[in-house]
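Okay, so here's the structure we're looking at.
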Amino acid sequence: MTHRPLEGIRVADFSWFGAGPIAGQVLAVYGAEVIRVESETKMDSLRTGHPAAMNEDGTFKTGYNVSGYFNNFNAGKLSMQLNLNTEKGQQVAYRLLEECDVFLTNFTPRVIEKWHLGWETLHALNPRLIAAYAPMQGMEGPHRDFLGFGAVLTPVTGISHMSGYPNRTPIGVGTNYPDYVINPGHTVTAILAALRYRNRTGKGQCIELPQIESVAAVLGTAVAEFVINGDNPSRTGNRSPIAAPQGAFRCADDPDVATSPERWIAIACETEAHWAGLCAALPELAGDAHFATFESRKANEDALEARIAELTRDRNVYELLQQLQAQGVPAGLIQNAEDILDKDEHIRARSFYQYLDHPETGLAAYDGPPARLSETPGFHAAPAPLFGEHTFDVCERICGYSTDEIADLMAEGVLY
């Protein structure tokens, strides 16, 4: 049997919501034993959030184990319930961390200090421990205890200022993008770098990953443009200074998609070869002097987009996509969730989604590994854990508590 590359690494995941748990899940996909430390006194609201699994009568299931949101980002982990608001609960946490390689959290510094889980304490406890702190605004600074999620980071880091249409309200990106991609990706990279350092030196270290600084990098060239040229880039809709046309264009509705029949195609022409290919697929565009050069297309961009929209409105999006791709034109179907999961032949052929049978939600699709390793591929070893499913196992097998000690801690409300 192929071994996954992080087998033998144990992670204490004291995070919640999105950015932290998703980083922990990536580590679990590649073989780490990830213990999700949870508590009803500081409940991860994703456990009760929608979308939730449904009953046969069409009503939503209820409880702590039925959220598709939570389950998708916590597959393959163990769940331990621990009350960190008690001194004995903190002592249990220390026993666990003595046996772990990585500590992961995205709580604010105020909460970390309340639970006595700061770096100096943990480093003295376990010098080989890698402690990754990823609060929204960092461990120090005037805003260190500010609260927020991806929906807050998007405007704070300048992304919302650049999203939307000119002279209209900023609209953001429609999802908590920082939580799903940027922050967890940077956190995992930092943890892997620290593990490599520990392999050479035997020493653990502290990782501070302020989510605001991680996300600010997504602005790309905007900061450089301001520094170099004094320009402050703002909203341009779908347009680009180096492409014309570039936008989304309505095609004929798809009667086979009852929930969302609208079909749109994204087209971008950066070169004259792209433009020639677009004209081959939409020959009515050819020969119009208003669109003959890149400069004229930019000067007449409103008219160009309106003309393309007229030509695509009754076209079958799948046929048009194939024609444009055959001509070398960058183009793509604007897909919805149903398309990605059930209709995209490429995603299906690559078996991206992994289907896991959860004891309360049944068979469901989980996001697959973000990267494929030829010799040590990652996979979900199990569905998301039930709330507190592994408390006894973690306390006995990892922390070394006896059955009687565990029973006493449960009686005292330290464990659940």
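Coordinate-derived values only; no laboratory data. Predicted, not measured: the structure shown is a model, and the values here were computed from it. Methodologically, a virtual Cβ is constructed for each residue, glycine included, from the backbone with ideal geometry; neighbour enumeration extends over all protein chains shown.
Things worth noting here:
- Count Lys and Arg as plus one, Asp and Glu as minus one, and take only other residues whose Cβ is under 10 Å from that of W16; the net charge is then 0.
- Charge sum, other residues only, whose C-beta stays under 15 Å from V329's C-beta, Lys/Arg counted +1 and Asp/Glu -1: -1
- Separation in nanometres of the label points that stand 7 Å from Cα toward Cβ, at E375 and E360: 4.1 nm
- Karplus-based coupling profile of the stretch 326-336, in residue order and whole Hz: 5, 8, x, 8, x, 8, x, 5, 7, 8, 9, with θ = phi - 60° in 6.51 cos²θ - 1.76 cosθ + 1.60 and x standing for Gly or Pro.
- Translational diffusion coefficient (Stokes-Einstein; Kirkwood radius from C-alpha pairs) of the stretch 343-416 at 4 °C, 1.567 mPa s, in µm²/s: 83 µm²/s
- Considering only Cα atoms, the convex hull volume of the stretch 246-346 works out to 94 Å³ per residue.
- Taking label points 7 Å from Cα along the Cα-to-Cβ direction, T189 and E56 give a separation of 4.9 nm.
- For the stretch 37-88, the average shadow cast by the Cα convex hull is 4.1 nm², which is a quarter of the hull's surface.
- Likely footprinting exposure, V394, V181, fewest C-beta neighbours within 10 Å first: V181, V394
- The stretch 146-221 - Debye-derived log10 I(q)/I(0), Cα point model, q = 0.11, 0.22 Å⁻¹: -0.37, -0.95
- I130 long-range amide H proximity, modeled H, under 5 Å: V102, F103, Q205
- Within the chain: Cβ-based charge dipole about Cα centre, in debye rounded to nearest 20 (Lys, Arg +1; Asp, Glu -1): 920 debye
- Of H161, H346, H3, the sequence from fewest to most neighbouring Cβ atoms within 10 angstrom is H346, H3, H161.
- Each helix, a run of at least 4 DSSP H residues, gives -39500 (n - 2.57); summed and divided by the residues of the chain, these come to -9000 deg cm²/dmol at 222 nm.
- Taking θ as phi - 60° and the Karplus parameters 6.51, -1.76 and 1.60, the scalar couplings of the stretch 130-137 work out to 9, 10, 9, 9, 10, x, 4, 10 Hz in sequence order, x denoting glycine and proline.
- Mean projection of the Cα convex hull over all viewing directions, computed for the stretch 275-416: 16.0 nm².
- For S402, S160, order by how many other beta-carbon atoms lie within 10 Å, fewest first: S402, S160
- Averaging the sequence gap over all C-alpha pairs within less than 8 Å and six or more residues apart, then dividing by the number of residues, gives the chain a relative contact order of 19 percent.
- Subtracting the Cα-Cα distance of H290 and N167 from their residue separation scaled by 0.36 nm leaves 41.7 nm.
- Taking θ as phi - 60° and the Karplus parameters 6.51, -1.76 and 1.60, the scalar couplings of the stretch 283-288 work out to x, 5, 6, 5, x, 7 Hz in sequence order, x denoting glycine and proline.
- For the stretch 111-186, the convex hull spanned by the alpha carbon atoms encloses 108 Å³ per residue.
- Cβ-Cβ distance of E270 and E113, R₀ of 35 Å, FRET efficiency by 1/(1 + (r/R0)^6): the value works out to about 0.10.
- Rounded D (µm²/s) - the chain, Kirkwood Rh over Cα pairs, Stokes-Einstein at 4 °C, 1.567 mPa s: 53 µm²/s
- Entry note: the stretch 49-153 has Rg to Rh equal to 1.05, where both radii use alpha-carbon atoms and Rh is the Kirkwood radius.
- For C251, distant residues with modelled amide H under 5 Å away: R263, W264, I265
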